[in-house]
Amino acid sequence: DMNDFHVLKITEEDVGRGKMYLEERQRKELEKSATNLEAFLKQLDIRVLIKNANEFTIPRISQLTLKTNQFNLTTKRYQESDIRSFSENNKYMVGCAQVEDKFGDNGITGVFIVDKENKKEWLIDTFLLSCRVMGREVEKGILGHILNKAKENGVERVKAQFIPSQKNAPIENFLPSSGFQKEGDYWIFEINTSFVVPDCIKVSVE
């Protein structure tokens with residue numbers, strides 16, 4: 001049951017792990033000195049860069065789907081060949097998020113796969129964040145990008161599922177807290193509903 005052994009490639013994030021540990025200690029020190037969470041996040045100067053799946057990002061996207069458990073809506077596992085197949089299919093939108101702040105680069109730490117089911121309705125197949133950036137509102141920046149793309153394409157509703165596992169309780173309230181409404185087995189976001197990305201997050205698209 002251990003997913004760690006499914007990962008065959010060493011990614012850039014693996015190589016730079018030591019430097020990231022030092023930067024994380026600096027973040028913890030800032031968090032202790034901040035008066036509240038909002039002040040901490042604003043001082044962090046968080047930047048989320050949305051990237052498409054390509055030859056450089058596909059290995060990391062696959063690795064995250066294989067390893068990420070806590071902040072993962074569906075815990076679906078995909079090999080590199082699966083991600084490549086999705087990315088070459090116009091029916092899917094596959095992307096990832098590189099997260100940086102004042103202390104350094106967290107690397108690619110978010111993944112999303114969207115199934116464009118039809119012209120009016122899209123399904124979020126996969127949505128996950130590495131535990132490295134949990135608790136910093138990064139997920140709202142990524143979701144905002146997905147919803148904006150849906151709106152640009154004339155989509156009326158975005159669907160998602162939360163499939164509980166033994167470890168993914170941290171993402172359980174993500175959909176309802178983001179404006180999704182429960183309908184049967186799915187959570188639904190009506191595109192004409194307002195969604196605001198927190199102002200502590202700066203989102204850009206590569």
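Yes or no: residue 203 in contact with a His (Cβ under 7 Å, 6 or more places away or on another chain) and surrounded by 14 or more Cβ atoms within 10 Å (Cβ to Cβ)?
The answer is yes for residue 203.
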Q. Among the residues of region 83-93, which ones are in contact (Cβ under 8 Å) with a residue 12 or more places away in the chain, assigned to a helix (DSSP H, G or I) and open to solvent by 60 Å² or more (accessible area, probe 1.4 Å)?
A. 84
**Q.** Of all residues making up region 42-82, the number that are out of contact with any strand residue (DSSP E or B) (no Cβ under 7 Å at 6 or more places or on another chain), open to solvent by less than 10 Å² (accessible area, probe 1.4 Å) and either farther than 20 Å from residue 93 by Cα or in contact (Cβ under 8 Å) with a residue 60 or more places away in the chain (or both)
**A.** 1
Q) If only one of 51, 119, 28, 76 is among the basic types (Lys, Arg) and assigned to a strand (DSSP E or B), which one is it? A) 51
Q: Output the qualifying pairs, or none if there are none: Cβ atoms under 6 angstrom, residues six or more apart or on different chains, first residue in region 23-39 and surrounded by 13 or more Cβ atoms within 10 Å (Cβ to Cβ), second residue modelled with pLDDT of 75 or more.
A: 23/103; 23/104; 26/103; 27/103; 31/40; 34/40
Q | Test set (1) under 15 Å from residue 93 (Cβ atoms); (2) modelled with pLDDT under 95 - residue 116 fails condition number | A | (2)
(Q) Checking the structure you have, find out if any residue of region 160-178 is open to solvent by 20 Å² or more (accessible area, probe 1.4 Å), out of contact with any helix residue (DSSP H, G or I) (no Cβ under 7 Å at 6 or more places or on another chain), charged (D, E, K, R) and closer than 28 Å to residue 89 by Cβ. (A) no
Q | Residue satisfying all of: in region 56-73; assigned to a helix (DSSP H, G or I), within 14 Å of the chain's Cα centre (by Cα) and not hydrophobic (A, V, I, L, M, F, W, C); farthest from residue 185 (Cα to Cα) among these | A | 60
(Q) If I filter region 102-127 down to residues being within 20 Å of residue 41 (Cβ to Cβ) and not polar (S, T, N, Q), which single residue comes out as most open to solvent (accessible area, probe 1.4 Å)? (A) 102
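Quick check on region 133-143. Is at least one of its residues open to solvent by 70 Å² or more (accessible area, probe 1.4 Å), closer than 29 Å to residue 40 by Cα, assigned to a helix (DSSP H, G or I) and at pLDDT 95 or above? Show your work before the answer.
Just the residues of region 133-143 that are open to solvent by 70 Å² or more (accessible area, probe 1.4 Å), to begin with: none.
The answer is no, given that none of the residues of region 133-143 is open to solvent by 70 Å² or more (accessible area, probe 1.4 Å), closer than 29 Å to residue 40 by Cα, assigned to a helix (DSSP H, G or I) and at pLDDT 95 or above.
The values are calculated or read from the model by the stated rules, or taken from the named source; none is laboratory data. Values in this document were obtained by computation on a predicted structure and should not be read as measured data. Neighbour counts are summed over all protein chains in view; Cβ atoms, including those assigned to glycine, are modelled from backbone coordinates with ideal geometry. With ligands, DNA and RNA removed, areas are computed over all heavy atoms of the protein, side chains included. Shrake-Rupley method; radii C 1.70, N 1.55, O 1.52, S 1.80 Å.
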